[in-house]
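Asker: Right, I'll just put the structure down here and ask away after.
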Amino acid sequence: MAQVNFHGWLSADTDLRFSQNGLAILTLKVPENHSKRNQSGGWDQTGTTWWKVTFFGALAELWGNAGLKKGTHVEISGPSKTETWQGQNGENMSVLAVTDPAMKIITDKPKAGDGDNPWSTPTASQNASWGEPNNDEPPF
């Protein structure tokens, strides 16, 4: 499995659920926006990757009870995989997923006019500059 590291804004409030045997399950939908520099030196959004992020057990309860709301900015790090299934109409469906990743809440606010790429994940030595959340609905 490939290791991923991305940030995005939660597309919905958290919804902590429990399996029939009592296991806590929390699934988040997190869009990752992509951009590239345009000819005028600004940034153009080139697409969005939707991630299904799932926590189980104690991590699910921790994040599920943390009061996270739609629009909360998070950073996710963990192993990725593609989940596939057959839809109701018989069409093959898939989603990119990360299970039990490391997650942190990002509290930085955008800085107007700083010129940095608002969609990139900064390295530890960079000062974070974040764009606005993408409010598109996820495909799953």
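Asker: Please arrange S35, S11 by how many other C-beta atoms lie within 10 Å of their C-beta, fewest to most.
Answerer: If I rank by nearby Cβ atoms, fewest first, I get S35, S11.
Asker: How large is ³J(HN,Hα) for each residue in the range 73-87, as worked out from phi by the Karplus curve 6.51 cos²θ - 1.76 cosθ + 1.60 (θ = phi - 60°), to whole Hz, x for Gly and Pro?
Answerer: Karplus-based 3J(HN,Hα) across the range 73-87 equals 8, 10, 10, 10, 9, x, x, 9, 8, 9, 9, 10, 7, 9, x Hz.
Asker: For each of M1, M93, count neighbouring Cβ atoms within 10 Å of the residue's Cβ, then give the residues from fewest to most.
Answerer: By the 10 Å Cβ count, ascending, the order reads M1, M93.
Asker: What list of ³J(HN,Hα) values in whole Hz, one per residue of the range 4-18 in order, does the Karplus curve 6.51 cos²θ - 1.76 cosθ + 1.60 (θ = phi - 60°) give from phi, with Gly and Pro shown as x?
Answerer: Running phi through 6.51 cos²θ - 1.76 cosθ + 1.60 with θ = phi - 60° gives 10, 9, 8, 10, x, 10, 4, 8, 7, 4, 5, 9, 6, 10, 10 Hz.
Asker: I want to check a number: in the range 3-105, how many lysine pairs have alpha carbons closer than 18 Å, given a sequence separation of 8 or more or different chains?
Answerer: Counting lysine pairs in the range 3-105 gives 11.
Asker: Next up: In what sequence, highest mean first, do 13-26, 70-83 appear when ranked by Cβ atoms within 10 angstrom?
Answerer: 70-83, 13-26
Asker: State the extension gain, in nm to one decimal, for the chain segment bounded by T48 and D100, taking 0.36 nm per residue of separation less the distance between their alpha-carbons.
Answerer: Taking T48 through D100 to full extension adds about 16.5 nm, to one decimal.
Coordinate-derived values only; no laboratory data. Source: prediction; values computed, not measured. Every residue, glycine as well, gets a Cβ built from its backbone with ideal geometry; the counts of neighbours run over all protein chains shown.
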